[in-house]
Amino acid sequence: HQHQGVGRGLYRKLENQARAKGHKSIYADVSITARRFFENLGFEVEMEQLKKSHFLELVNYRMRKRLA
């Protein structure tokens, strides 16, 4: 269901709940392919991470969005 607004709609609900609970930031560990989606939502890369999964090493990103 890419490009139909499903992910963006789910994210809006999550952000609204985080704001209602007084959170100042939202964090996410995202894959290389998801990075652009999160950047479009206003997230910024905090750091690149190397995750091990069985015998593979995968790059992902720790991202943060300030809610204030």
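The values are calculated or read from the model by the stated rules, or taken from the named source; none is laboratory data. Owing to the predicted nature of the structure, the values given are computational and were not obtained by experimental measurement. Here the Cβ positions follow ideal geometry from the backbone for every residue, glycine too, while neighbour counts run over all protein chains shown. Heads up: the accessible areas ignore ligands, DNA and RNA and are worked out on the full protein's heavy atoms, side chains in. Shrake-Rupley method; radii C 1.70, N 1.55, O 1.52, S 1.80 Å.
Computed from the C-alpha gyration tensor, the three semi-axes of the ellipsoid equivalent to segment 24-68 are 22, 10, 7 Å, from longest to shortest.
With respect to the chain, whose longest principal axis is taken over its alpha-carbon atoms, helix 6-20 is tilted by about 60°. In the context of the full set of protein chains, the chain has a per residue accessible area of 83 Å² (1.4 Å probe). Here the label points at F37 and H23, each 7 Å from Cα along the C-beta direction, are separated by 1.7 nm in the simple model. Mean separation of Cα pairs under 8 Å and 6 or more residues apart, divided by the residue count, gives the chain a relative contact order of 36 percent. Each residue of segment 24-30 was assigned a 3J(HN,Hα) from its phi angle through the Karplus expression (A = 6.51, B = -1.76, C = 1.60, θ = phi - 60°), giving 8, 8, 10, 10, 8, 9, 10 Hz with x at Gly and Pro. Taking the 1.4 Å solvent-accessible surface of the chain as the whole, the part contributed by carbon and sulfur is 51%.
For the chain, lysine pairs with C-alpha atoms less than 25 angstrom apart, excluding pairs fewer than eight positions apart on the same chain, total 6.
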